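What follows is a set of notes on a single structure, which appears directly below.
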Amino acid sequence: MLPSNLHSPAANLFLLPSTSCSPCNHGIWISRNQNRRNRRRTTMSVATEVVLSQAGNRLYLGMDFGTSGARFALIDKEGAVCAEGKREYPLFKNDETIDWARSWKTTLFSLLEDVPNHYRHLVASISIDGTSATTIIVDSNTGQPLSKPLLYNETCPDALPLVKSIAPVNHTVCSASSTLCKLVSWWNSADSNKEYATLLHQADWLLWFLHGKLGVSDYNNALKVGYDPEIESYPPWLLAQPYSMLLPHVKAPGTSIGYLKEDIRSQYDFPNDCIACTGTTDSIAAFLAARATLPGQAVTSLGSTLAIKLLSTNRIDDARFGVYSHRLDNMWLVGGASNTGGAVLRQIFTDKQLEELSKQINPMQSSPLDYYPLTSIGERFPEADPQMAPRLHPRPENDVEYLHGILESIARIEGKAYRSLKDLGATQVEEVFTAGGGSKNEKWTKIRERVLGLPVSRASQTEAAYGAALLALRGAQLFMQ
C-alpha cells in the first residue's frame, strides 16, 4: 500500500478533465486530437498557446527528456494545455563521443527560454521526467559529472556477477543495464573521487539545476538502483555495500524539493514561490498522461524505443524477463522497455517515406516476414539478453512489404511482452492506449490491434511532458496542504 498522503493527490490527477477539447479558463479551446502537422510547431518554438484571462490562475510546467529530444507542457489546474514546445538535442562532441550531459543541460535552459514570457509569472511548480536507468555519477560538491553518463540502454556486464551475488534472485537490478550495475561498474573502475561522488539519474541532475539541492531522486527513477518502494527504503543488502554512500535521497514522484534557485527565478522571471518537484521516468510520465486508471489498462509508448506499462493489482519483478513494477497510487505499474522501436525505423526510412509507405499497407493482412528490429546488439524486454542481435533480413525488394514486416514484428514483440506479464501473475491486459510518435501511425495501430487481439487506441494525451506537468500539479497541491 502507498502512504496515505499520496492517495488523494494521485486521485485528483486522474480525475482532471480528459475530454478531447479543454478550455483554458476563458473559453479558448485546445483540441487534443487535432492533427499536429497543422499546428505551429518547430524544434525551437512554442507549438500551442492560449491566453489566460485571470492573473491569479497558476500554471504547472512539465518537461520530458526522451531519447532523441525534449519537450515541455504547461497546464492549468484543470489539466488544459496552455503552451507546449520541443527541442532536439544539440550534439556536442568530446573526444569523438557525444557529450550528452552538455546536450541535456543546454536543452533544459532552451526549454525554459521557450516558455512564453507572459506565462512565467504564473508557474507554481516544475517537474521533469527522464529516461529510465540513465545514470550520472557527479561530484557531490559541484554537481559536475565525474564520467560520461551511462545511457538507459548501455550495459555493464562486468558488474552483473557481483550484483547477482548480493541481490535477491531475479531482482530488478539483476540486469546488465540496471542503474546498480552501472554504479558498481563505475565504483570498480574509478581511481579517485569516490568519497565525493553522488549517483543521480537524468531527471534528478536536470532538476538540480533548478533547486540546487544535490542528491535527491524519486522512487520511480531509483527502482533500478535497488530502492524498494513498498517499504520506502533501500534494502539492507544494498545499504551494506561500500558504494551505498553514493545513493540519493528518495522521495515520492511529484513531491516538492524546494523553491527554485534565485538565479533561475530572476533569469526566467518565475515567481518567488515556484517550486521544483521530484520527477519520474519518461514511460511513467507517458502513462500518467494517458489517464489509464483501471487494472488491465495499459500504455505502450512507441518512441525511439518501446516501453510497456500495465496497471496491475499484483507486483511483479523478474529480471529474467526484464520485468519490474513501479508503484502508482494503490496499484502497481508492471512492465519493461524494449530496445526495439522508432529508432530502428529512422535508421532505414525518412519521415516522409514512413508516411507514404504506411498509406499503402493493408493492416488487416498478416506479414510473413519475421524480424527482431534493434539498432544494435542487446535487448532488455521481453527478454533480457545483452547478446541478442538485430534481425532485419531478408529485405524484400518492395519497401511497403519491408515496412509492413518491421511494424508487425514490433507488434509481435509487444504482444509477447503482455503475454509474459500475464504468465508471471500480472493482471491480464484488456485495453491498450498508445503514446509516443508511433501513436500517430493509424495503419500501425490497426496492425497492433490485430496482432494483440485487443482494443488499441491513441491516448487523448500522448506526450510524457504532459504527465510531468501533472506531477508538478501534484507537487503544488501537496505543498499547499
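Here, each number is a calculation from the coordinates, and none is a lab measurement. All values derive from a computational prediction rather than experimental measurement. In this analysis, Cβ positions are derived from the backbone assuming ideal geometry, glycine residues included, and neighbour counts consider all displayed protein chains.
When only the Cβ of Lys, Arg, Asp and Glu is charged (+1, +1, -1, -1), the dipole of the chain relative to its Cα centre reaches about 760 debye. For the range 217-295, the set of GluC sites (Glu not before Pro) satisfying both a DSSP loop assignment and a count of at most 14 other C-beta atoms within 10 Å is given as Glu230, Glu232.
Considering only C-alpha atoms, what is the centroid distance from the range 424-481 to the range 131-186, in Å? About 28 Å separates the Cα centre of the range 424-481 from the one of the range 131-186. Full extension of the chain segment joining Leu91 with Gln387 gains 103.8 nm, where the gain is 0.36 nm per residue of separation less the Cα-Cα distance. Among the listed pairs Lys224/Lys352; Lys359/Lys422; Lys77/Lys105; Lys164/Lys440; Lys148/Lys440; Lys86/Lys359, those whose Cα-Cα separation exceeds 30 Å are Lys224/Lys352; Lys359/Lys422; Lys164/Lys440; Lys148/Lys440. Shape analysis of the range 269-375 places it in the oblate category; the axes a ≥ b ≥ c from the Cα gyration tensor give an a/c of at least 1.5, with a/b not above b/c. Dipole orientation for the chain: of the candidates Thr106, Gly296, Thr135, Gly296 has the Cα lying most toward the positive pole (charges on Cβ; Lys, Arg +1; Asp, Glu -1). Taking every alpha-carbon pair under 8 Å whose residues sit at least 6 apart, the range 292-459 reaches a relative contact order of 28 percent.
What is the range 292-459 by shape, rounded, prolate or oblate, if you read a ≥ b ≥ c off the alpha carbon gyration tensor as root eigenvalues and call it rounded for a/c under 1.5, prolate for a/b larger than b/c, and oblate otherwise?
Here the range 292-459 falls in the prolate category.
Ordering 426-432, 111-117, 123-129 by mean Cβ neighbour count within 10 Å, with the highest value first, yields 123-129, 426-432, 111-117.
Site pair Lys194 and Arg346 shows an inter-label distance of 3.8 nm when each label is modelled 7 Å from Cα along Cα→Cβ. Looking at the chain alone, DSSP beta bridges between its own residues are antiparallel in about 70 percent of cases. Using the Kyte-Doolittle scale, which helices in the chain average at least 1.0 and also have C-alpha atoms spread 20 Å or more along the helix axis, with helices defined as whole DSSP H runs? The qualifying helices are 464-480.
Is the shape of the range 209-334 rounded, prolate or oblate, going by the alpha carbon gyration tensor and its root eigenvalues a ≥ b ≥ c, with a/c under 1.5 for rounded and a/b larger than b/c for prolate? Verdict is oblate for the range 209-334.
Among the GluC sites (Glu not before Pro) in the range 375-419, those placed in a DSSP loop whose Cβ has at most 11 other Cβ atoms within 10 Å are Glu397.
Compared with the alpha-carbon gap, the fully stretched path from Lys261 to Asp423 is longer by 53.5 nm at 0.36 nm per residue.
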